[in-house]
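The values are calculated or read from the model by the stated rules, or taken from the named source; none is laboratory data. Given the structure is predicted, the values throughout are model-derived calculations rather than measurements. Cβ atoms come from the backbone with ideal geometry, glycine included; neighbour counts cover every protein chain shown. For the accessible areas, the whole protein counts, side chains as well, though only heavy atoms, and no ligand, DNA or RNA atoms are used. Shrake-Rupley method; radii C 1.70, N 1.55, O 1.52, S 1.80 Å.
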Amino acid sequence: HGAAELDEMGTDALPRRTPAPAWLPTAKGEEGDFCLRSSDCAAGLCCARHFWSKICKPVLREGQVCTRHRRKGTHGLEIFQRCQCAEGLACRLQREHGPADASRLHTCQQH
């Protein structure tokens, strides 16, 4: 009885595959665009918290200040997250030419 009902209803009643909606982003997010994960962002950017949302921010280059987390899980508590250092760089304590503990600043440095 199914075939007869289909003839009466016509093909308009059949579910169709619809193309992705126009508002769905097809390109990767640029700096400042909203995101959910780093894969939503263009190359050289990561998805990081900015206030209570997340936006694409640039991956850190050599000499830029980075955040080193002492305890696992504290990254989620920041409201202004930074991206990680670029490939080949590590977030290390900045070397100062002054008193031993003069600066607690961490920067992206070569391995």
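Figure note: Glu62, Glu87 ranked by solvent-accessible area, largest first, 1.4 Å probe, ligands and nucleic acids not counted: Glu87, Glu62. Other residues whose C-beta falls under 9 angstrom from the C-beta of Cys41 contribute a net charge of -1, scoring Lys and Arg +1 and Asp and Glu -1. Largest accessible area first, the listed residues His69, His106 line up as His69, His106 when surface is computed with a 1.4 Å probe on the assembled protein chains. For the pair His111 and Ile79, a Förster radius of 22 Å applied to the C-beta separation gives a FRET efficiency near 0.15, rounded to the nearest 0.05. Taking the average, over residues, of other Cβ atoms within 10 Å as the packing measure, peptides 48-60, 28-40 rank 48-60, 28-40 from highest down.
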